[in-house]
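Peer 1: Let me give you the structure first, and then I'll get to my questions.
The values are calculated or read from the model by the stated rules, or taken from the named source; none is laboratory data. Small disclaimer: the values here were computed from a predicted structure and weren't measured. Here the Cβ positions follow ideal geometry from the backbone for every residue, glycine too, while neighbour counts run over all protein chains shown.
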Amino acid sequence: MRIRHLFIGVGLAAFTIAVILLGRNLRQYSVADIAQSVAAIPAETLLLGVGLTVASYTVLAGFDLLAVRYAGARLPWRAVALASFVSMSIGHNIGLAGFGSGALRYRFYAGWGIRPGDVIKIILFCGLTVALGLVALAGLVSLLQPSLAARFTGASRTMTTLAGAACLAVPLLYLAIAGFRRRPVRVGRIYAAVPSLPLALAQLAVATANYALVAGLLYVLLAPETGASYAAVVSVYVLATVAAIASQVPGGLGVLEAVVIALVPDANVVAALIVFRALYFLVPLTIGGGIFLVRELSPGRPGTALWAARRWQRERRSRA
């Protein structure tokens, strides 16, 4: 029960932080700045960007669908997609996003009757999926774009190539373990079964696809101004994501912009970056946060904040 209360509290705190960050993000860009940036992007590019954003969040739902299957739970796919979208749209905008989105996932899945141990498995599986995708793409970037990676990290091309090979070895090792290990892995007090090889392959596929789609969104916005190739933009995005995770700046705010400007200093990329952040971070946060708020303020829905507060009031009156 204590861990349930902890995750509920963290989930509500994550939402509160996300709302504050939304206000700060919007203050950073005036309405005129956003309108001017959007007007500077061709309509067909904006439509493609919206499509790539929707595709990315759809793939993110695949993280949860695979995780629920791994945990042996049964839920309608619409419910899983809802939990994924709200958790990730808010979690993307928070520092320590894995913990924030994990707490929100706990709020949803535990409220739907999934056992706490199985919810933890879902959270860990989703976190591992994110890590696998990032490590796999970081390895590809280091091998395919060694000069760019060396320029960003300050290491030699030989070191970045070796680091890329090591990164690619991680998902390969994971797949090997999934193919041959049958005993469960212990994580604290929880014993987690090793995913089957088909499930691990699907996990790696959706993880890589998600980063490829987000990089694609950045590419279609940057390419007209920079002339950069898709491979170069993928490299920039992966390096920026690694830097954002290392810094734990909420939503990577300012980190992505700094990395892109540093790596393509001669191009006018401000408008593209503003639109990218609006499409992938601010709009989903507004929608996901609104859904979460409506659910939490629903008095008839068991497990919500308002429902819990009214139940506590009734119990207090009955004891009196």
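Peer 1: Testing VAL68 on (1) at pLDDT 85 or above; (2) among the hydrophobic types (A, V, I, L, M, F, W, C); (3) farther than 30 Å from PRO184 by Cα; (4) surrounded by 22 or more Cβ atoms within 10 Å (Cβ to Cβ), one condition comes back false. Which one is that?
Peer 2: Of (1) at pLDDT 85 or above; (2) among the hydrophobic types (A, V, I, L, M, F, W, C); (3) farther than 30 Å from PRO184 by Cα; (4) surrounded by 22 or more Cβ atoms within 10 Å (Cβ to Cβ), only one is false for VAL68: (3).
Residue-wise test of (1) under 30 Å from VAL275 (Cβ atoms); (2) of a type in the set (Gly, Ala, Ser); (3) touching a Leu at 6+ places or on another chain (Cβ under 9 Å).
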| position | (1), (2), (3) |
| --- | --- |
| PHE125 | no, no, yes |
| LEU128 | no, no, no |
| LEU143 | no, no, yes |
| ARG151 | yes, no, yes |
| LEU162 | no, no, no |
| ALA169 | no, yes, no |
| VAL194 | no, no, no |
| LEU201 | no, no, yes |
| VAL214 | yes, no, yes |
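Peer 1: Could you list, in sequence order, the residues of segment 171-184 that are in contact (Cβ under 8 Å) with a residue 12 or more places away in the chain and in a loop (DSSP other than H, G, I, E, B)?
Peer 2: If we filter segment 171-184 for residues that are in contact (Cβ under 8 Å) with a residue 12 or more places away in the chain, which is where we start, we get 171, 174-175, 177-179, 181-182.
The answer is ARG181, ARG182.
Peer 1: Would you be able to tell me the number of residues in segment 147-170 that are aromatic (Phe, Trp, Tyr) and not in a helix (DSSP H, G or I)? Steps first, answer last, please.
Peer 2: Taking segment 147-170 as the starting set, the residues that turn out to be aromatic (Phe, Trp, Tyr) are 152.
The next check asks that each one be not in a helix (DSSP H, G or I); those that pass are none.
So the count comes out to 0.
Peer 1: For segment 60-79, name all the residues that are closer than 20 Å to TYR280 by Cα and not small (Gly, Ala, Ser).
Peer 2: Answer for segment 60-79, where residues must be closer than 20 Å to TYR280 by Cα and not small (Gly, Ala, Ser): LEU60, PHE63, ASP64.
Peer 1: What are the residue pairs meeting all of these: first residue in segment 221-248, first residue modelled with pLDDT of 75 or more and among the polar types (S, T, N, Q), second residue surrounded by 15 or more Cβ atoms within 10 Å (Cβ to Cβ) and not in a helix (DSSP H, G or I), Cβ atoms under 6 Å, and 6 or more apart or on different chains?
Peer 2: From segment 221-248, the pairs are THR226/VAL264; THR226/ALA267; SER235/GLN145.
A quick yes/no check of all residues on (1) buried (at least 22 other Cβ atoms within 10 Å of the Cβ); (2) under 15 Å from the mean Cα position of the chain (by Cα); (3) modelled with pLDDT of 90 or more:
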{"position": "MET88", "(1), (2), (3)": "yes, yes, yes"}
{"position": "PHE108", "(1), (2), (3)": "yes, no, no"}
{"position": "TRP112", "(1), (2), (3)": "no, no, no"}
{"position": "PRO116", "(1), (2), (3)": "no, no, no"}
{"position": "ILE123", "(1), (2), (3)": "yes, yes, yes"}
{"position": "SER142", "(1), (2), (3)": "yes, no, no"}
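Peer 1: Could you figure out which of (1) under 30 Å from ALA83 (Cβ atoms); (2) at pLDDT below 90 isn't true of LEU162?
Peer 2: The single condition LEU162 does not satisfy is (1).
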